[in-house]
Amino acid sequence: MKIKAINGVKDTLPAEIIYWQNIENTARDIFHRFGIHEIRLPILEKTQLFTRSIGEATDIVEKEMYTFVDKKITMRPEITASLLRAYVEHGLHVQQPVQRLFSIGPVFRHERPQKGRQRQFHQVDVEIIGAQEPEIDAELMAMGQMLLSQLNLDVSLEINSLGCPECRPDFRKKLISYLQENHDTLCEDCKRRTEQNPLRALDCKQPGCKVAVKNAPSILDNLCSACEEHFAVVQKQLDLLGVAYTLNRFMVRGLDYYNRTTFEFLTTDLGAQAAVAAGGRYDGLVEQLGGPKNTPGIGFAMGMERMVLLMQQQEGQQEKQGQGGADIFIAALGKQAIEFAVPFVHQLRQLGLQAAMDYSNRSLKAQMKQSGRLNAGFTLIVGEQELEQGRGVLRNMKNQEQTEFSLQAGADELVSVITS
């Protein structure tokens, strides 16, 4: 009986991994430029961490978390709460008042598997903790745009403000009143949300809810003077940085901890699953998790599966063929040739090349096919005749030109020849 992966999790095969490595390498390079440092976090956390931070009335906590009920432990459904737990636990604010951190890894949500979102999926998460200036908001969005642009992903930026504890309560009352007036047109989830989490109704994808909230009050019309000023500076800074954006007055986040600036990077190439990255400000969450009072923070998460899908679509293919990239393949013909090639390949690897060979003594035709499948740049052909003459045949696999190579010259000389 064949055992298959469980529904909602996915293997990442060698032919696809090149996209993941490209995202991770590009992200690390750009984060380094912005002084953002990596932190690695556990997958398992106390359930209370997420119920307290994300909110008990959210879909994530109510429906989607993988929890070991008897142990009160949960597989993380997002990274921000875990990162802030580490920030508080290790007193990182004492070491540096403003912490710039990122983490890359899997998260888990029990929801219907969909395009670009499995039950185990992966995020690139960035957080800046301890900085309240609106310029930081703009800088973070500009960095996100830089990363997506360097990956050649076609996205647009939408922004909004969710206000703060000073101005949101009055808006919440207005929104609840409006939703109650349109109660009959709402979906069952939004009817339930009306009292508990009314903001979530604003970005519901159900047709009836979309129509119902079309004329709903906007938080942008109900901001206090401090939030209004903060958001105005954010927009000014985005303009100065040359970052294009549009206002989306109905944008909200599915987690309770967000306030003030929120944003999403969207694509039109993945159907309904349009968000490639999303985030916002969460002033007050650190204190809520037992950290220092009045500690501001802002961050975003990027969905790696969705970025990979976009990269594949833009290339017009679902996977890159081959495992690609060998610098050189040694086609060894015969037992003596194999005995020569084994240490020679090892030396080439010690010198930094990606070198490969076949140990099974197949025909030259079969080994040349293998070299092609590996996308080798060069193939060195060594058989009994070449060993007797002390000269192998070096073939450039791109232009098929062949030259002789002295086998006595050694691995150093071969490296010089094929890298020149």
note = Going through 46/214; 46/210; 173/210 one by one, the pairs whose alpha carbons sit over 28 Å apart turn out to be 46/214; 46/210
message = For the pairs 4/365; 335/365; 63/191; 71/115, flag any whose C-alpha to C-alpha distance is greater than 27 Å.
response = 4/365; 71/115
query = Hey, what do the phi angles of region 41-51 turn into as Karplus ³J(HN,Hα) couplings, whole Hz, using 6.51/-1.76/1.60 and θ = phi - 60°, x for Gly and Pro?
reply = 10, x, 7, 8, 9, 5, 4, 4, 4, 7, 5
task = Using the number of other C-beta atoms within 10 angstrom as an exposure proxy, rank 68, 300, 329 with the fewest first.
result = 68, 300, 329
Dipole moment magnitude, nearest 20 debye, the chain about Cα centre, only Lys, Arg, Asp, Glu C-beta charged = 1140
remark   = Options (1) 24.9; (2) 21.9; (3) 24.1 for Kirkwood radius over Cα pairs in Å; the value derived from the coordinates is listed as (1)
key: Chain lengthening between residue 150 and residue 25 when straightened (0.36 nm per residue, less Cα-Cα)   = 43.9 nm
remark   = Calculated from DSSP helices alone, with each H run of at least 4 adding -39500 (n - 2.57) and the total divided by the residues of the chain, [θ]222 nm to the nearest 500 comes to -11500 deg cm²/dmol
remark   = Rounded to the nearest 10 degrees, the helix 364-373 long axis (Cα) sits at an angle to the longest Cα principal axis of the chain of 20
message = Tell me the net charge near residue 108. Cut-off is 12 Å between Cβ atoms, residue 108 excluded, with +1 for each Lys or Arg and -1 for each Asp or Glu.
response = 0
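Placing unit charges on C-beta atoms (Lys and Arg positive, Asp and Glu negative, everything else neutral), compute the dipole magnitude of region 1-138 about its Cα centre in debye, rounded to 20.
680
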note = For the chain, longest principal axis from Cα atoms; helix 134-150 axis from its Cα atoms; angle between them, nearest 10 degrees, is 30
query = Got a sec to turn the phi values of region 283-295 into Karplus ³J(HN,Hα) couplings, 6.51 cos²θ - 1.76 cosθ + 1.60 with θ = phi - 60°, whole Hz, x for Gly and Pro?
reply = 4, x, 5, 4, 4, 4, 9, x, x, x, 5, 6, 8
query = Using 0.36 nm per residue, how much length does the chain from residue 115 to residue 170 gain when fully extended, once their Cα-Cα distance is taken away?
reply = 16.0 nm
query = Assuming R0 = 60 Å, what is the FRET efficiency of residue 69 and residue 369, from their Cβ-Cβ distance, to the nearest 0.05?
reply = 0.65
key: Signed unit charges on C-beta, dipole axis of the chain, positive-most listed residue 366, 132, 332   = 366
ask   = Can you pull out the GluC sites (Glu not before Pro) in region 17-104 that DSSP calls coil and that have at most 14 other Cβ atoms within 10 Å?
value = 56
key: Rounded to 10°, Cα long-axis angle of helix 304-314 versus longest principal axis of the chain   = 60
query = Contour minus end-to-end for residue 133 and residue 2, with contour as 0.36 nm per residue of separation and end-to-end as the Cα-Cα distance?
reply = 41.6 nm
request  = Go through region 180-190 residue by residue and turn each phi into a ³J(HN,Hα) via Karplus (6.51, -1.76, 1.60, θ = phi - 60°); whole Hz please, and just put x for glycine and proline.
outcome  = 5, 5, 10, 4, 5, 8, 7, 6, 4, 4, 6
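What is the dipole size for region 328-419, taken about its Cα centre, with +1 at each Lys and Arg Cβ and -1 at each Asp and Glu Cβ, in debye to the nearest 20?
Details: 9 positive and 9 negative charges, 96 e Å.
In debye, rounded to 20, region 328-419 gives about 460.
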message = Once each part is reduced to its C-alpha centroid, what is the distance from region 356-420 to region 177-254 in angstrom?
response = 63
remark   = Summing +1 per Lys or Arg and -1 per Asp or Glu among the other residues with Cβ less than 12 Å from residue 332's Cβ gives -2
ask   = Looking at the chain, which Cys residues are left with no other cysteine's beta carbon under 4.7 Å from theirs?
value = 164, 187, 190, 227
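Where a number appears in this text, it was derived from the coordinates with a stated rule and is not lab data. Just so it is clear, the structure is predicted and the values come from calculations on it, not from any experiment. Reconstructed Cβ throughout: ideal geometry from the backbone, glycine too, with neighbour counts over all protein chains shown.
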